[in-house]
Amino acid sequence: MIEFIVYCLFMLAIGLLSSKRDMGHSDFLLGGKRLPGWALAFSERATGESAWLLLGYTGFVFATGLSGVWVAVGISLGIIFSWLFLAKRFLRDAEEYNVLTLPGYLAKRFGTHGKVIIWLSTVLILCFMMFYFGAQIAGAGKTLFTVFNISPMVGMIISIIIVIILSYTGGFVSVVWTDMIQSIMMLITLVVLPIIALYQIYTNDLSISHALSTSSPGMDSWTGGLTGFALGLLLFNNFAWFFGFLGGQPQLSARFMALKNKKEAKTGSTVAIIWTLLAYSGAFMIGITALTLYQDQSFADVETILPFMLMDLVPPWIAGLLLAGILAAIISTADSQLLVITSSISEDIIRNALGIKVTEKQLVKISRLTIIVAGIVGLIIALTSESLVYLVVSWAWAGVGCTLSPAIILAFTWKRYSGIGVTATIISGFVSTIIWISSPLEAIISSRFSTFFIAAFFGIVFSFLFPDKSNKSEEAKPIKPIER
């Protein structure tokens, strides 16, 4: 418990020290394009993975065995693709169109239909992201209860206070620097713990292959012991996480838009790719080594396997520090999501959609007020929704990431993509996610795949049916940026 208090105070100190009292709206939402690429890369990784990697994926591998590797393959390829092929394009277009948000970019890119696009994309983000944010707060409360025996309600309140303070004081800058520390802590845990576990396996004369072969059927197979159509579904559904990383997650694409130049983008790409390969290799090995060490033990919740290993294999004070880091990783995702919600209201709705004339300082005040209000709403959602953590994350990943990803990919690569096509992409992605995930179809093929391709299909069809006038000459003419 002491380690958790010290860690939280340390994070708050970093956030406060990295903040500035006087900042414009661009500084508050994107750091004024002054942050180094390596810091943005660490922040993007902490925001993108958080406790899902530390708790969810390690538990998934523990429960499924070798076939769990395909989730890591899909996600890793998605991350590598986004940094190598999308980061520089986000950097360039954010400057060309003078935008601060993902909806703002789509609206400027397709100016004739900009108002409709910005309303639809903002409503999409707010609907899913608000509950996604609540899920993080609920997860933080449950983690505090599991690890430190703190009441879930008290844990949620503590978590939301920390998130609000970090976001309110320094905005994007504070969030990035605290994310960086948390990202490093995550990486240390994921790299060091499997090494310790492998040493324990060696000294106790245990065998990983024997543990896998004597566990549940298919655990020792890279294909889960499946063949034919069942194998295809296994590989496909696990790999489907790839589609959510193709530019459609606003909390991740914000890091690309915040890059200063191509050199910083290259540095960030190197850091992010190395981090991803090390982290996912480590997380996979944690699940496999845990299966070997604790094969004869039963766990009510397999997602507690990493905290259990830390308490079992590492000295208590180190384990407490790393466990506090896991909780802080949840908070790192929550504060980034809170900034996305904030930017959707202050930048996308008030400034762009409604066109209200306000000064930079007034926009910062509106953003800070939004942080407080949205934080309270997120806390209420977390306190009143029992199934939140298990259900809403999947909804948000498909609903936001896999709806906006095809819009971004088509906008980047296809000149004939039209404003009505973007509108069709967003509406079809929104509706198909809700229908698909609420039906038995989700158990067959993941909505992370279906949403992406349904949204892309309608976007392409409606672009052919209703092309923009500028697209008839195969030339997409950018709209002149608005002077700020």
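The values are calculated or read from the model by the stated rules, or taken from the named source; none is laboratory data. Quick caveat, the model's predicted, so the values are computed rather than measured. Glycine gets a Cβ as well: all are built from the backbone with ideal geometry, and neighbour counts include every protein chain shown. With ligands, DNA and RNA removed, areas are computed over all heavy atoms of the protein, side chains included. Shrake-Rupley method; radii C 1.70, N 1.55, O 1.52, S 1.80 Å.
For this structure, a couple of remarks:
- Of all the criteria given as (1) open to solvent by 10 Å² or more (accessible area, probe 1.4 Å); (2) closer than 30 Å to residue 209 by Cα, the one not satisfied by residue 48 is (2).
- Residue within the stretch 8-16 that is at pLDDT below 90 and either part of a loop (DSSP other than H, G, I, E, B) or in contact with a Cys (Cβ under 7 Å, 6 or more places away or on another chain) (or both) present: no
- When the helices (runs of 4 or more DSSP H) confined to the stretch 162-270 are screened for residues that are farther than 29 Å from residue 80 by Cα and among the hydrophobic types (A, V, I, L, M, F, W, C), those reaching at least 3 such residues are found at 208-213.
- Residue list for the stretch 313-352, restricted to those being open to solvent by 40 Å² or more (accessible area, probe 1.4 Å) and in a helix (DSSP H, G or I): 316, 317, 318, 321, 345, 351, 352
- Any hit, the stretch 114-133, residues being open to solvent by 10 Å² or more (accessible area, probe 1.4 Å), at negative phi and polar (S, T, N, Q): no
- Qualifying residues in the stretch 151-191 (those that are free of Cβ contacts under 8 Å to residues at least 24 places away in the same chain and open to solvent by 60 Å² or more (accessible area, probe 1.4 Å)) - the one farthest from the chain's Cα centre (by Cα): 154
- A single entry from 289, 214 fulfils the requirement of being polar (S, T, N, Q), more than 26 Å from the chain's Cα centre (by Cα) and either crowded, with 21+ Cβ neighbours inside 10 Å or modelled with pLDDT under 85 (or both): 289.
- Residues located in the stretch 68-104, provided they are surrounded by fewer than 23 Cβ atoms within 10 Å (Cβ to Cβ), not in a helix (DSSP H, G or I) and not polar (S, T, N, Q): 97
- Verdict on residue 355 being surrounded by fewer than 22 Cβ atoms within 10 Å (Cβ to Cβ), at positive phi and either outside any helix (DSSP H, G or I) or within 27 Å of the chain's Cα centre (by Cα) (or both): yes
- Inside the stretch 358-380, residues that are open to solvent by 60 Å² or more (accessible area, probe 1.4 Å) and not in a helix (DSSP H, G or I) make up a count of 1.
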